[in-house]
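See below for the structure under consideration.
Just so you know, all these numbers are worked out from the coordinates, no wet-lab data involved. All figures in this text were calculated on a predicted structure; none of them were measured in a lab. Using ideal geometry, Cβ is built from the backbone for each residue, glycine included, and neighbour counts are taken over all protein chains shown.
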Amino acid sequence: MAGSFEKALSAVRFLEVEDLYGGSGLRVVFIDSGCGRDLPLKDCINLSNDSAVDTEDHGAHVHAIIASMLPDAEIILVKVPDPLPDNLLITALNEALKLSPHVVSLSITSEVPSDGSDPASTYVNHVAEKSLVAVSAGNGGPRMMSVGSPAVAANALTVGAADVRGRLWRRSSRGPALDGRWKPNVVAPTGFIPPASKERKEVWGTSFSTPIAAAVAAPLVKKLASPEATARILELTACSVDLNTAPPPTLTGLRKASLIRKLMQNWPRLYDPRNFAGMGMVNAEAALRLAEKLRQSISTL
């Protein structure tokens with residue numbers, strides 16, 4: 001089911017705390033194909049040969065989502081080409097790290113199974129020591145083990161997708177990672193009309209659920225000064241997701257003998273519900289309250 005952007009925000013309990021989410025003092029970097037026209041942008045680091053403005057709408061929609069949820073934040077684009085080789089992705093992540101953002105939103109991933117030891121995932125873990133890195137899980141569902149690099153990075157907040165009614169989106173990539181870890185970590189809404197969209201068409205995919213989760217996370221990172229604690233709070237406060245309407249998982253595409261062996265090793269973990277929707281739908285209201293309680297507890301020590 002599709003819906004308005006307001007329905008997407010309602011699904012993550014954002015409207016209840018919207019007044020606390022202006023974004024002042026926050027810095028968010030998004031790595032994507034470009035930015036939207038007439039949207040607030042502090043700076044752009046262009047790693048491509050094209051204009052910073054996105055002509056394909058992917059990056060423009062991501063930009064609009066973040067700007068709508070955090071209107072007073074410093075939003076910075078690291079523009080990358082498509083296709084994006086791993087070495088240039090690592091360069092983009094390094095440029096983001098230099099900016100010391102609270103959150104990096106990365107709606108770029110693959111669906112090739114990985115154990116997280118690849119260079120891109122390894123560098124995401126490095127960046128995640130300083131900034132929360134929200135990475136789209138991918139659109140490889142219902143195939144199992146379709147969360148690839150760099151979404152399989154252990155320290156990434158890997159974001160799957162559910163519709164605005166809280167039902168797992170059929171194409172949201174499924175875990176586990178090749179080393180058996182469950183992924184994604186959480187889900188956020190897809191299937192909505194993005195803000196500032198002239199065509200008024202809904203967008204689907206984990207590319208658009210990820211900036212929602214990133215925007216929810218940003219003030220928590222500032223409040224707690226800890227990307228890791230923020231990720232755990234988002235997991236602990238997540239709402240349940242309806243898995244019953246999702247199609248059954250498939251194993252199509254796993255033809256390599258090495259992947260089949262990994263599959264057999266991880267067989268007991270395949271139907272762990274966390275490999276479908278992580279810990280559930282992001283809950284901005286509950287996460288903000290828990291973060292405030294944790295901050296107050298720390299301040300009294």
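Distance from the Cα centroid of region 186-210 to that of region 117-162 is 19 Å (rounded to whole angstrom).
For the listed residue pairs K130/K222; K7/K223; K7/K198; K42/K98; K130/K223; K42/K222, the alpha carbons are over 20 angstrom apart in K7/K223.
Under 5 Å from the amide H of C35 lie the amide H atoms of V53, D54, each residue being 5 or more positions distant or on a separate chain, with H modelled from the backbone and absent for Pro and chain starts.
Here the Karplus relation 6.51 cos²θ - 1.76 cosθ + 1.60, evaluated at θ = phi - 60°, turns the backbone of region 79-94 into coupling constants of 7, 10, x, 10, x, 10, x, 4, 5, 6, 4, 5, 4, 4, 5, 5 Hz, with x for every Gly and Pro.
Dipole size of the chain about its Cα centre, with +1 on Lys/Arg Cβ and -1 on Asp/Glu Cβ: approximately 920 debye, rounded to the nearest 20.
For region 203-216, putting each phi into the Karplus relation 6.51 cos²θ - 1.76 cosθ + 1.60 with θ = phi - 60° gives couplings of 10, 10, x, 5, 4, 9, 6, 5, x, 5, 4, 4, 5, 5 Hz, in residue order, rounded to whole numbers and with x for Gly and Pro. Which number comes out as Rg/Rh for region 3-299 once both Rg and the Kirkwood Rh are worked out on C-alpha atoms? Over the Cα atoms of region 3-299, Rg/Rh equals 0.95. Taking amide H atoms as placed 1.01 Å from N in the peptide plane, the amide H of G3 lies under 5 Å from those of F192, I193, each 5 or more residues away in sequence or on another chain.
Between R165 and S100, the contour length at 0.36 nm per residue exceeds the Cα-Cα span by 19.9 nm. Extension gain for N125-S4 works out to 40.2 nm (0.36 nm per residue, less the C-alpha to C-alpha distance). Here's how it looks for W169: its modeled amide H is under 5 Å from those of A161, A162, D163, which are all 5 or more places away or on a different chain.
Annotation for I298 and L236: the two label points, set 7 Å from Cα along the Cα-Cβ direction, are 1.2 nm apart.
Report note on the peptides 168-176, 101-109: ranked by the mean count of other C-beta atoms within 10 Å, highest first, their order is 101-109, 168-176. Relative to the Cα centre, the charge distribution of region 6-86, modelled as +1 at Lys and Arg Cβ and -1 at Asp and Glu Cβ, gives a dipole magnitude of about 140 debye.
Of all DSSP bridge pairs formed entirely within region 3-299, close to 10 percent run antiparallel. Helical runs (DSSP H, four residues minimum) scored at -39500 (n - 2.57) apiece and divided by the length of the chain put the mean residue ellipticity at 222 nm at -10000 deg cm²/dmol. In order along region 134-148, the phi-based Karplus estimate (6.51 cos²θ - 1.76 cosθ + 1.60, θ = phi - 60°) of 3J(HN,Hα) comes to 8, 10, 5, 5, x, 10, x, x, x, 5, 5, 6, 9, 7, x Hz; Gly and Pro are listed as x.
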